[in-house]
Amino acid sequence: MDRLARTVREQVALGRLLPLGEAEDSAWITESAAVAALRRTADALPGVRLGALVIELDGDGDRADGAADGGPRGLPGGAPGGASGGGAGGGPGEGASGAVAARSEGAAPVGALPYGPLRITADFAATPDDPLPRTAERLRAVLWASAREGLGVPVRSVDLAVTALLDELPAPDAVLEGVVVEGEGPPEVTDGAAGGPADRVAAAALAVPGVLRLSRRLAGFGTGVRVRDTPDGRRVQVQLTVAAGNRPYAVARAVSAAVTAAAADGAPGPVAAAVVVTGTQ
């Protein structure tokens, strides 16, 4: 029972699996990894202390933006300066290759959110050094760019509320990114044969620039790689941590292409690959 309770706590800490890139890319990132990355970026802003932050499907993305009680809210969801779509270098909004599209169907991991535009909802405290609307716009722009261009998460709107006006900011709270301990060492495999498909997939994933390690963080997934054959084809799931200085979306796409090729030999049908980013450095 203790082990079950710990597993449940770990999954709550990881949060939901958020889509990365385009619908056909079959890549996700844990909410905890995305939020931690956004906090690191926001903490660099002077005069701002980010509070609670949630990322969820934006079911109201076509609403009219405007002010709401309790502070600046409903700030424009478009990119700063009126731009829309993804950033340069393969961000969300750019079309994925046909090869990626062909392998995405049916590959979604258990519990993953369906692809769709996302909304960031966050609270923040600020000092009176700048007018609150200007401070809120700076924070919105940073969160937008970090989510869409830095991570590759398809954010459509950023909804902010100021909760406090402070003479000076307190020291930032510690962000516990290590709530769940990742497995170290060589990845375990699930096909039971050395040199089999899972070994090839693991080697292909680890060879992709930007992959720090394979991860074992999702419940019921005690390895970094899973390969499962069905009458319809071969399904592959890879969990990984992205090294510092790399865009999770770009790394996930490269891993997806590499592991699909590695798993194709001997597959009973088409290979469907899913990549889950569980952490960033």
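Let's see how each residue does on (1) crowded, with 21+ Cβ neighbours inside 10 Å; (2) at pLDDT below 90:
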| site | (1), (2) |
| --- | --- |
| THR7 | no, yes |
| ALA13 | no, yes |
| PRO19 | yes, no |
| THR30 | yes, no |
| ALA34 | yes, no |
| GLU56 | no, no |
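Find the residue count for segment 137-157, including only residues that are over 16 Å from the mean Cα position of the chain (by Cα) and within 14 Å of LEU38 (Cα to Cα).
Total satisfying the criteria: 5.
Any idea which residue in segment 227-254 is surrounded by the fewest Cβ atoms within 10 Å (Cβ to Cβ), counting only those that are β-branched (Val, Ile, Thr) and either closer than 21 Å to THR30 by Cβ or touching a Pro at 6+ places or on another chain (Cβ under 7 Å) (or both)?
THR241
Would it be correct to say that ARG148 is modelled with pLDDT of 90 or more, in contact with a Leu (Cβ under 6 Å, 6 or more places away or on another chain) and part of a helix (DSSP H, G or I)?
No; evaluated as a whole, the condition is false for this residue.
Residues are listed down the side, and each one gets a yes or a no for (1) under 18 Å from SER26 (Cα atoms); (2) modelled with pLDDT of 95 or more; (3) of a type outside the set (A, V, I, L, M):
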{"site": "VAL48", "(1), (2), (3)": "no, no, no"}
{"site": "ASP69", "(1), (2), (3)": "no, no, yes"}
{"site": "LEU75", "(1), (2), (3)": "no, no, no"}
{"site": "GLY86", "(1), (2), (3)": "yes, no, yes"}
{"site": "GLY90", "(1), (2), (3)": "yes, no, yes"}
{"site": "SER104", "(1), (2), (3)": "yes, no, yes"}
{"site": "PRO114", "(1), (2), (3)": "yes, no, yes"}
{"site": "LEU132", "(1), (2), (3)": "no, no, no"}
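Would you pick out the residues in segment 24-54 that are among the hydroxyl-bearing types (Ser, Thr, Tyr) and assigned to a strand (DSSP E or B)?
Scanning segment 24-54 gives a single hit, THR30.
Which residue is farthest from ARG235 (Cα to Cα), if the candidates are limited to segment 118-148 and must be surrounded by fewer than 16 Cβ atoms within 10 Å (Cβ to Cβ) and in contact with a strand residue (DSSP E or B) (Cβ under 7 Å, 6 or more places away or on another chain)?
That would be PRO128.
The values are calculated or read from the model by the stated rules, or taken from the named source; none is laboratory data. Quick caveat: nothing in here was measured; it's all calculated off a predicted structure. All Cβ positions, even for glycine, are placed from backbone atoms using ideal geometry, and neighbour counts span all protein chains on display.
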